[in-house]
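Notes follow the structure.
The values are calculated or read from the model by the stated rules, or taken from the named source; none is laboratory data. A quick note: this is a predicted structure, and the numbers were derived from the prediction, not measured. Glycine gets a Cβ as well: all are built from the backbone with ideal geometry, and neighbour counts include every protein chain shown.
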Amino acid sequence: MSSALQLENVPNMIGKASQVWIGMTLMTLVVVGCIWFITKRGSEENRVSETDDPRLTSKTIYRNVRPDVHYLGDSACIGCHQEMAQSYHRHPMAQSLAPQSQAEPIE
């Protein structure tokens, strides 16, 4: 009689195993979907479009903030402002950045 009871429970045991497997699969899909949604949403929020570029949208009287403005260098100013340019060249901040091939060794 006990073997008959065990045989009757076999379909229930298989059904339970299938339910657990289906439940775990669905739970995994939900977790993966949430992770995908969060990472995709985060990347879209961090994306900056051209219209959000502050160099294009800021209202300022200064024209040198626009992306199409190029650096002129010292030679453009030294003709009229020689004394100031020489003062800047002697200042330690003017010596703080140099191409590596021209930089003096520290040690």
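When you go through Ser75, Ser43, Ser87, Ser96 one by one, which is the residue that is at pLDDT 80 or above, polar (S, T, N, Q) and exposed (fewer than 10 other Cβ atoms within 10 Å of the Cβ)?
After applying the criteria, what remains is Ser75.
If a residue must be part of a loop (DSSP other than H, G, I, E, B) and either touching a Leu at 6+ places or on another chain (Cβ under 8 Å) or of a type in the set (A, V, I, L, M, F, W, C) (or both), how many such residues does segment 53-107 contain?
Residues meeting the conditions: 12.
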